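Quick notes on the structure that follows.
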Amino acid sequence: MDIGDFIKKIENEIEEITPGVLKADTNYRNIPGWSSMHALIIIALIDTEYNVTITGSDIRSCQTVNDLFTIVKSRV
Amino acid sequence: MTPFHLQHKTILVTGASSGIGQQVAISISEMGANVVITGRNEGRLTDTFKKLKNTNHQQIIADITNESDLQQMIKVVPMLDGIVHCAGVVKPFPIKFISKEKIKETFTVNYEAQVELMAQITRNKKLNKQASIVFISSISAAHPHKGGALYAGSKAALESFSKVIALEFYTMGIRSNCIAAAMVKTPMYEYSEQNASKETMDEHINKYPLGVGKPTDIANATIFLLSDASKWVTGTTITLDGGFLLGGM
């Protein structure tokens, strides 16, 4: 698993993000227009692409993209 | 004599291991019904069984989505005066990620199982005249939420199915109705809270003039629909939402 690839996938699914802007240390809550819909999309994306279940509380407990990636990696 | 009781009625409750199903089973036993409970989890189903008031109850461990479990259940189930369909799952998923597998996951439990159960029960003549069927639906059938394509869709399908039962079996005096519930404090609620953000959930709850529901609120309306007090009620949906859909908050 590669974090660059992970970031690209998220950028691809969330229209509000300009490609290239999202970094490993970005706090995704600071993405302009961040909403519960984006949390749903990230949960579904991870389920679909990595076959890993993460919950809303995981999304809440994480701060950065890298935090999230670490969780996904630990559950693959 | 009040018609608001369930004496001499045998009622099947699906999804009775937890949440609304468990409370419905307990409440209707308190109203005098002979209760037949089913669920997948033996331990949790037995917990429910122990909580039933009075005697004359039966528990059937069965996964109603499983063909052979369903057949087995139909064989042992007694003649029924009512069925309460409480089995259900909620898994929020945005549209663009929906797959055949995801559709199946929700629709098998929330729709197909109820339809197959009703088909088998009626084909095997297990319903007494004047029986009452109750489906636990959701306000999301008519008022969906983001990520609810499958859940809301399955509940909408269930509400239509209930109306067809009302049409096909009225000559036997059989009635069929739905309860469209808004947010109720159950394990499913805890699950949703984990999946939505806490803020989203709190914001949602603040829109309930009478607060979120309790399983007993659903059970009490179910008792009405199962009892002879509702003998002129069929093919309809009762909304229980603590005033949420008023939309004024």
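Grab the DSSP H runs of the protein assembly as shown that are 4 residues or longer, score each as -39,500 (n - 2.57), total them, divide by all residues and round the 222 nm result to the nearest 500 deg cm²/dmol.
-13500 deg cm²/dmol
In whole percent, what relative contact order does segment A:1-59 give with Cα contacts below 8 Å and a gap of six or more residues? Can you show the working numbers first?
On the way: 31 pairs, mean separation 14.5, N = 59.
Relative contact order of segment A:1-59: 25 percent.
For B:MET31, what charge total do you get from the other residues with a beta carbon under 10 Å from its beta carbon, if Lys and Arg give +1 and Asp and Glu give -1?
Details: positive: B:LYS9, B:LYS53; negative: B:GLU30.
Summing Lys/Arg as +1 and Asp/Glu as -1 gives +1.
Roughly what would the spin-label model give for B:GLU42 and B:SER99, points 7 Å off Cα along C-beta, in nm?
Between B:GLU42 and B:SER99, the simple spin-label model gives 3.3 nm.
Given contacts defined as C-alpha pairs under 8 Å and at least six residues apart, what's the relative contact order of chain B, whole-number percent?
Details: 485 pairs, mean separation 53.0, N = 249.
Relative contact order here is 21 percent.
For a distance above 38 Å, tell me the whole-number percent of Cα pairs in the protein assembly as shown that qualify. Walk me through the intermediate numbers first.
Details: 12022 of 52650 pairs.
When all Cα pairs of the protein assembly as shown are counted, 23 percent exceed 38 Å.
How many nm separate the modelled label positions at B:LYS51 and A:ILE31, each set 7 Å beyond the Cα in the direction of the Cβ?
With each label point 7 Å from Cα toward Cβ, the separation is 4.0 nm.
What are the semi-axes of the equivalent ellipsoid for segment B:140-196, taken as the square roots of 5 times the Cα gyration tensor eigenvalues, largest first, in whole Å? Don't skip to the answer; put the middle values down first.
Details: eigenvalues 165, 33, 11 Å².
With the √(5λ) rule applied to segment B:140-196, the semi-axes are 29, 13, 7 Å.
Per Stokes-Einstein, at 25 °C and 0.890 mPa s, what whole-number D in µm² s⁻¹ belongs to segment B:1-155, with the Kirkwood radius over Cα pairs as the hydrodynamic radius? Mind dumping the intermediate values first?
Working: Rh = 16.2 Å.
It comes out at roughly 152 µm²/s.
Treating only the Cα positions of segment B:131-249 as identical point scatterers, give the base-10 log of I(q)/I(0) from the Debye formula at each q in 0.19 Å⁻¹.
-1.04
Please compute the contact order of segment B:131-236 in relative form: average sequence separation of alpha-carbon pairs under 8 Å and at least six residues apart, divided by the residue count, as a percent. Walk me through the numbers before you get to the answer.
Details: 127 pairs, mean separation 38.1, N = 106.
Across segment B:131-236, relative contact order equals 36 percent.
Cut-off 10 angstrom, C-alpha nodes, Gaussian network model of chain B. Which of B:SER140, B:SER230, B:SER99 fluctuates the most?
So, out of B:SER140, B:SER230, B:SER99, the one fluctuating most is B:SER99.
Starting from 0.36 nm per residue, how many nanometres of slack lie between B:GLU67 and B:GLU199 once their C-alpha separation is accounted for?
Values: separation 132, 0.36 × 132 = 47.52 nm, distance 4.12 nm.
Going from the current span to full extension adds 43.4 nm.
Quick one: which residues, 5+ away or cross-chain, put their amide H under 5 Å from the amide H of B:ILE133? H built at 1.01 Å from N.
So B:ILE133 has HN proximity to B:ILE83, B:ARG175, B:SER176, B:ASN177.
Tell me, what is the FRET efficiency for B:HIS8 and A:SER57 to the nearest 0.05, using R0 = 41 angstrom and their Cβ-Cβ distance as r? Display every interim value, and only then the final one.
Working: r = 47 Å, r/R0 = 1.15.
Once the sixth-power term is evaluated, E becomes 0.30.
Please build a GNM for chain B, connecting alpha carbons under 10 Å apart, and tell me which residue among B:MET201, B:MET183, B:MET73 fluctuates the most.
Evaluated over chain B, the most mobile residue of the options is B:MET201.
Give the long-range amide H neighbours of B:ALA180: residues separated by 5 or more places, or on another chain, with amide H under 5 Å away, using H modelled in the peptide plane at 1.01 Å from N.
Here the answer is B:SER137, B:ILE238, B:THR239, B:LEU240, since their amide H atoms fall under 5 Å of that of B:ALA180.
Taking chain B as a Gaussian network, Cα atoms linked when under 10 Å apart, which of B:HIS57, B:HIS145, B:HIS85 shows the biggest mean-square fluctuation?
B:HIS145
With the dipole of segment A:1-56 worked out from charges on the C-beta (+1 for Lys and Arg, -1 for Asp and Glu) around the Cα centre, which of A:ASN27, A:ILE14, A:THR48 lies farthest toward the positive end?
Value computed over the given set: A:ASN27.
Please state the Cα pair-distance histogram of segment A:24-76 with 5 angstrom bins from zero: what percent is in each bin?
Over segment A:24-76, the share of Cα pairs per 5 Å bin runs 5, 21, 33, 28, 11, 2 percent.
For segment B:32-104, how big is Rg over Rh, using alpha carbon atoms and the Kirkwood form of Rh? Before the final figure, lay out each step's value.
Working: Rg = 15.7 Å, Rh = 14.5 Å.
Rg divided by Rh gives 1.08.
Can you run phi through the Karplus equation (6.51, -1.76, 1.60; θ = phi - 60°) for segment B:12-19 and list ³J(HN,Hα) in whole Hz, with x for Gly and Pro?
Each residue of segment B:12-19 in turn: 8, 10, 8, x, 7, 6, 7, x Hz.
Please give the charge dipole size of segment B:119-249, origin at the Cα centre, charges +1 on K and R Cβ atoms and -1 on D and E Cβ atoms. Round to the nearest 20 debye.
Working: 13 positive and 10 negative charges, 134 e Å.
The calculation lands at about 640 debye.
What does the charge count near B:ASN54 come to, summing +1 for each Lys or Arg and -1 for each Asp or Glu among other residues with Cβ under 14 Å from its Cβ? Don't jump to the answer; show the numbers that get you there.
On the way: positive: B:LYS9, B:LYS50, B:LYS51, B:LYS53; negative: B:GLU30.
Computed value for this residue: +3.
Search the structure for amide H atoms under 5 Å from the amide H of B:THR234, placed 1.01 Å from N in the peptide plane, and list their residues when 5 or more places away or on another chain.
Those qualifying (amide H under 5 Å, at least 5 residues apart or on another chain) number zero.
Measure up A:LYS8/B:LYS155; B:LYS102/B:LYS129; B:LYS91/B:LYS214; B:LYS53/B:LYS198; B:LYS50/B:LYS155; A:LYS8/B:LYS207 against 26 Å on the Cα-Cα distance and list the ones that go over. Spell out each step's value before the answer.
Details: A:LYS8/B:LYS155 36 Å; B:LYS102/B:LYS129 38 Å; B:LYS91/B:LYS214 21 Å; B:LYS53/B:LYS198 37 Å; B:LYS50/B:LYS155 30 Å; A:LYS8/B:LYS207 37 Å.
Exceeds cut-off: A:LYS8/B:LYS155; B:LYS102/B:LYS129; B:LYS53/B:LYS198; B:LYS50/B:LYS155; A:LYS8/B:LYS207.
No lab work stands behind these numbers, since they all come straight from the coordinates. Here the structure is a predicted model, which means the values were calculated and not measured. Positions of Cβ are backbone-derived with ideal geometry, glycine not excepted, and every protein chain shown enters the neighbour counts.
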